[in-house]
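Working notes, structure below.
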Amino acid sequence: MNKAQIQVLVDAQADPILKSIGQKILQNERISFEDGVALFEKSSLPYVGALANWKRNELHGDITYFNRNFHIEPTNVCVFSCKFCSYSKLYAHKEEGWELTIDQMMDIVRSYDGKPVTEVHIVGGVHPKLTLAFFLDLMRAIKAHRPELHIKAFTPVELDYMFRKAKVSIQEGMRLAHEAGLDSLPGGGAEIFHPDVRTIICDDKVDANGWLEIHQTAHELGMHSNATLLYGHIEKYEHRVDHMERLRQLQDQTKGFNTFIPLKFRNKDNEMHEVPESTMLEDLKMYAISRLYIDNFPHIKAYWPMLGRQVAQLTLSYGVNDIDGTIDDTTKIYSMAGSEEQNPAMTTLELVRLIKQAKRTPIERGTLYNVIQDFSLVDEAAIEA
């Protein structure tokens, strides 16, 4: 739909609040906290979907980004006990989990020698014996072996624990990590910032202020980062909007965030297994409102290993312009929580086809959204797996 068609849709709204919000979006005005809550409470999926798709097209046209990446998960042993987590094993039961050495992780890195991957994504549990010094050595080893490989690693949950254990400040710890090879931060560990929810689902790990301070420090050092929100559990709409508002405010200050990634709660094999999962309609609405509310984040990503590839494909019409990467079955975080993608891997060709089927233009990107290749111009027979 073009702007004139969207204007007709907005004018047809019977609810004056929804009509006012639509007018703001068409005029590129920022919507308020109350507007965000109203969109969750009152709007139909077709309405927010059309607005989000228009906004997405204004910013990015038909472009949909993906990258060629792999994950390393050093351990699933963790000192924390988040109620929504199906992945970690407490340290008292560490024999049930895994713990990789630097040599084992370097074997994973070397297994991609000669392959056109551009990023390694490193996240895992918070193991009390895996120290800041250990991970500095890992990053130095990766950079010594493959200097151009972008290291996107460690949530503030991991970093906060490392820094406290090493008795260094956030500023000093982030400087050391950056000098050792850390290029950017992923968005994990944010969950829901509001204490009314956070104290119930993950009370023992870094709080909202600590999470935001670590990202702010990364931005001040010249690094970029992503941000996530875990939705569809016990939170209320105002908690989601509060979370996005805090991110929007920090982005106004630093402009260091690249991508916002809503993450769907999965209820298999965790302490919140009795909480029903969100429906596909609720998922699409979450993505659409994210595009409309977080107006200063250039990119909204659907993490397909968590959503499933079919729903991820649908989100491309609801504000999303990034579908993550090839992954290559190197993450277990969502498969262990019951995602449809039990062995998450897509070839480059499969990703390209998925994007083309949604009538979008597949663009391979680097981690910082530098364009590597326009795959709409490449014959499918010539695409490497």
Checklist entry - Rounded to the nearest 20 Debye, what is the dipole magnitude of the chain about its Cα centre when Lys and Arg each give +1 and Asp and Glu each give -1 at the C-beta? => result 440
Checklist entry - At what distance in nm do the modelled label points of Lys19 and Leu59 sit from each other, each positioned 7 Å from its Cα along Cα→Cβ? => result 2.8
Checklist entry - Put +1 on the Cβ of each Lys and Arg and -1 on the Cβ of each Asp and Glu in the chain; which of Ile294, Ser86, His60 then has its Cα farthest toward the positive end of the dipole? => result His60
Item to check | the stretch 65-382: relative contact order in percent, alpha carbon pairs under 8 Å with at least 6 residues between | outcome: 20
Checklist entry - Could you name the lysines in cross-link range of Lys165, using Cα to Cα under 26 Å and dropping any fewer than eight places away on the same chain? => result Lys83, Lys89, Lys94, Lys129, Lys143, Lys152, Lys205
Item to check | Positive minus negative residues near Asp207 (Lys, Arg vs Asp, Glu; Cβ under 12 Å) | outcome: -2
Checklist outcome for this item: For the chain, the charge dipole (Cβ of Lys, Arg +1; Cβ of Asp, Glu -1; about the Cα centre) points to a positive end, and the Cα of Ala177, Ala153, Gln357 closest to that extreme belongs to Gln357
Checklist entry - Tell me, how many Å apart are the Cα centres for the stretch 209-264 and for the stretch 1-18? => result 30
Checklist entry - 222 nm [θ] for the chain, helices only, -39500 (n - 2.57) per DSSP H run of 4+, per residue, to 500? => result -13000 deg cm²/dmol
Next on the checklist: Over the stretch 3-60, what is the relative contact order in percent, taking alpha-carbon pairs closer than 8 angstrom and at least six residues apart?
Outcome noted: 35
Checklist outcome for this item: Under a Gaussian network model of the chain whose springs join Cα atoms within less than 10 Å, the largest fluctuation of Glu364, Glu350, Glu96 belongs to Glu96
Checklist entry - For the stretch 192-297, what is the convex hull (Cα atoms) projected area averaged across all directions, in square nanometres? => result 6.8
Checklist entry - Once Lys and Arg get +1 and Asp and Glu get -1 on their Cβ, which of Ile383, Tyr303, Met1 lies farthest toward the positive end of the dipole of the chain? => result Met1
Checklist outcome for this item: Rg/Rh over Cα atoms for the chain, Kirkwood Rh, comes to 0.95
Checklist entry - Longest exposed-loop-site-free stretch of the chain, with trypsin sites (Lys or Arg not before Pro), DSSP loop and at most 13 other Cβ within 10 Å? => result 31-128
Item to check | Prolate/oblate/rounded label for the stretch 48-90 (Cα gyration tensor, a/c 1.5) | outcome: oblate
Next on the checklist: Looking only at Cβ-Cβ distances, which cysteines of the chain have no other cysteine closer than 4.7 Å?
Outcome noted: Cys78
Checklist entry - Per q in 0.16, 0.29 1/Å, what log10 I(q)/I(0) does a Debye calculation on the alpha-carbon atoms of the stretch 3-60 return? => result -0.42, -1.46
Checklist entry - With the chain treated as a Gaussian network of Cα nodes joined by springs under 10 Å, which of Thr315, Thr131, Thr367 yields the largest mean-square fluctuation? => result Thr131
Next on the checklist: Given Cβ point charges of +1 (Lys, Arg) and -1 (Asp, Glu) and nothing else, what value in debye, to the nearest 20, does the dipole of the stretch 127-274 about its Cα centre take?
Outcome noted: 480
Item to check | Gaussian network model of the chain, springs between alpha carbon atoms under 10 Å - residue of Asn258, Asn370, Asn57 with greatest fluctuation | outcome: Asn370
Checklist entry - Counting DSSP beta bridges in the chain, what percent are antiparallel, to the nearest 5? => result 10
Next on the checklist: Straight-line reach from Lys55: which lysines fall under 27 Å, measuring Cα to Cα and dropping same-chain residues less than 8 apart?
Outcome noted: Lys3, Lys19, Lys24, Lys42, Lys236, Lys255, Lys264, Lys285, Lys301, Lys356, Lys359
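All of the numbers you see were taken from the coordinates with simple rules; none came from a lab. For clarity, every value in this text was computed on a predicted model and none was experimentally measured. As a convention, Cβ positions derive from the backbone with ideal geometry for all residues, glycine included, and neighbour counts pool all protein chains shown.
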